[in-house]
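Read through the structure below, which is laid out as structure tokens, and then see the notes.
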Amino acid sequence: MDSDLSRDSLAVPEAAIGEACGETPLPELGVIEQVWETDPIPTDEIAERAGEAFASLPLDEVPDGGEIAIGAGSRGIANLAEIVAGVVAEARDRGYEPFVFPAMGSHGGATAEGQREMLAELGVDEETVGCEIRSSMDVVEVGRTEDRDVPVVADANAVAADAIVPINRVKPHTDFDGTVESGLSKMLVIGMGKQRGAKTAHDWAVDWSLRNMIPEITERLLDELPVVGGVAILEDQRDDTALLEGVPPEGFLDREAELLERAYDEMPTLPFDDIDVLVLDRQGKDISGQGMDTNVIGRRPFAIQEPEPDTPEIKRIYTRGLTETTHGNAMGMGSADFVHADLLAGIDMPTTLINALTASTTRGVRLPPAVETDRAGLIAALSTIGIVDPETVRVVRAPDTMHLQRLYASPALVDEARERDDLRVVAEPSPVEFEDGEFAAPPAHEAVADGSGED
């Protein structure tokens with residue numbers, strides 16, 4: 001993707017980094033793996049289980065042949081197309097007329113066609129899910145909050161339907177902590193509110209906070225609209241579908257709070273609370289709403305009146321690039337200390353800034369210093385943490401903040417892994433190899449895939 005930024009003019013050459021930092025010793029890196037016990041839903045049962053979750057909702061008041069608006073649109077959800085298709089099929093079997101609407105706030109460039117395209121990229125289109133996709137940015141004001149008289153808006157197509165059913169993953173949010181965070185309620189308030197609703201919510205959240213706003217607006221929406229419930233998704237540490245559950249309207253806040261506790265227990269995290277340098281191969285909106293999950297990196301520098309997570313403590317973060325499916329949206333890059341020139345080349349600044357303006361998190365898109373090569377990024381990070389001893393420095397390289405089972409780790413962390421039941425050593429430390437200054441080794445989840453090490 002063409003960038004508004006000049007890669008060559010902004011990225012600091014490796015030679016300049018070397019001259020400024022002097023002789024910086026690099027640690028060797030081995031490969032470790034987190035030991036996770038998971039029990040995902042079999043892939044061939046996903047659609048059926050999704051249909052069962054929908055069937056458990058209170059559908060008695062939906063008229064025969066009634067239209068059911070199914071909200072979808074969150075990125076990074078495993079098996080999303082199959083889940084939506086399962087709900088659509090069950091709705092049709094029961095005599096209803098389902099349609100899908102994008103419930104994604106301002107994403108997709110805040111345009112109807114852009115949101116339709118985003119759904120298609122997530123695997124959700126008319127062919128894969130078996131029903132019409134109705135994409136519009138039109139909203140209807142359905143009420144106002146009692147506390148602060150904030151307008152409450154919702155997708156016009158959904159408001160006109162006989163029933164509304166959001167489908168979303170319940171997980172920790174990147175911007176705030178609360179009894180409900182990312183999930184069904186947030187999809188109603190911000191996703192179904194389209195660009196106007198998302199912008200209104202984030203504007204008011206500066207003073208009110210999303211932790212207080214989302215529950216109140218959710219209750220208002222449930223009172224005013226025919227929301228018959230939602231299909232909640234939980235994923236395990238490997239990002240596989242672990243639970244599909246129909247949540248009735250009266251359980252949105254209470255049940256979602258319970259599911260959030262389980263989501264915190266099962267989310268992938270770094271296995272160390274104290275890290276000197278974290279290298280991330282990529283960031284993106286499909287990885288986290290903030291590009292890098294703030295709950296994983298322990299940083300939330302862009303949030304207003306929201307505390308940062310207590311752990312982990314990471315001294316420096318170096319991010320190497322953007323995912324393809326983020327389409328240049330570099331939201332959250334401001335959490336890094338250094339970025340690779342490839343990240344600059346991939347930025348679509350208008351899309352990134354629109355996202356930041358809508359979410360009132362402009363500090364999250366501040367551009368960190370950019371380096372020409374991976375070697376320069378690693379040297380720059382290491383040279384700014386104090387005296388570096390290759391045997392004791394704590395360095396981790398991960399694919400991203402979502403895929404954390406297999407990691408590159410420096411000798412001190414490999415030694416620690418040997419003493420822990422929740423970690424195992426896959427490959428012993430060896431010198432970091434570079435090709436033209438770039439890491440020669442593949443991302444950690446591909447490491448030793450040829451059978452070497454202890455895999």
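Shape descriptor for segment 1-150: Rg over Rh equals 1.19 (Cα atoms; Rh from the Kirkwood inverse mean 1/r).
Which part of segment 239-256 falls in the paramagnetic zone of ALA55, meaning amide N under 19 Å from the point 7 Å along Cα-to-beta-carbon? Within reach of a label on ALA55, which here means backbone N under 19 Å from a point 7 Å along Cα→Cβ, segment 239-256 contributes 243-248. Measuring only protein heavy atoms, the 1.4 Å probe finds SER360 accessible over about 30 Å². The heavy atoms of ASP342 present about 80 square angstrom of accessible area, all protein chains included, probe 1.4 Å. At a probe radius of 1.4 angstrom, the accessible area of the chain per residue rounds to 40 square angstrom.
Leaving ligands, DNA and RNA out of it, report the carbon-plus-sulfur percent of the accessible area of the chain at a 1.4 Å probe. Reported share for carbon and sulfur atoms: 45 percent.
Convex hull volume of the C-alpha atoms in segment 14-79, normalised per residue: 238 Å³. Take VAL296: with every protein chain present and a 1.4 Å probe, its accessible area is about 0 Å². Computed from Cα atoms, the angle from the helix 194-208 axis to the main principal axis of the chain rounds to 70 degrees. Helix 80-93 axis versus longest C-alpha principal axis of the chain: approximately 10°, rounded to the nearest ten. Could you give the angle, 0 to 90 degrees to the nearest 10, between helix 46-55's Cα long axis and the longest principal axis of the Cα atoms of the chain? The answer is roughly 40 degrees. Each DSSP beta bridge with both residues in the chain is either parallel or antiparallel, and the antiparallel ones are about 45%.
Across the alpha-carbon atoms of segment 319-455, the computed radius of gyration and Dmax are 16.9, 48 angstrom. Grouping the Cα pair distances of segment 159-204 into 5 Å bins from zero gives a pair-distance distribution of 5, 21, 25, 28, 14, 6, 2 percent in increasing distance order.
Please work out the Kirkwood hydrodynamic radius for the chain, using every pair of different C-alpha atoms, and report it in angstroms with one decimal place. List each step's numbers first, then the result.
On the way: mean 1/r = 0.0437 Å⁻¹.
The answer is 22.9 Å.
Pairwise alpha-carbon distances in segment 61-184 exceed 16 Å for 64% of all pairs.
Each of ASP149, ASP348 has its accessible area taken with a 1.4 Å probe; listed largest first, they run ASP149, ASP348. Computed from the Cα positions only, the extents of segment 228-299 along the three principal axes stand at 47, 22, 21 Å, in decreasing order.
The values are calculated or read from the model by the stated rules, or taken from the named source; none is laboratory data. This one's a predicted model, so the numbers in the text were calculated from it and none came from an experiment. Every residue, glycine among them, receives a Cβ derived from its backbone with ideal geometry; neighbour counts consider all protein chains shown. These area figures cover heavy atoms from the full protein model, side chains too; ligands, DNA and RNA do not enter into them. Shrake-Rupley method; radii C 1.70, N 1.55, O 1.52, S 1.80 Å.
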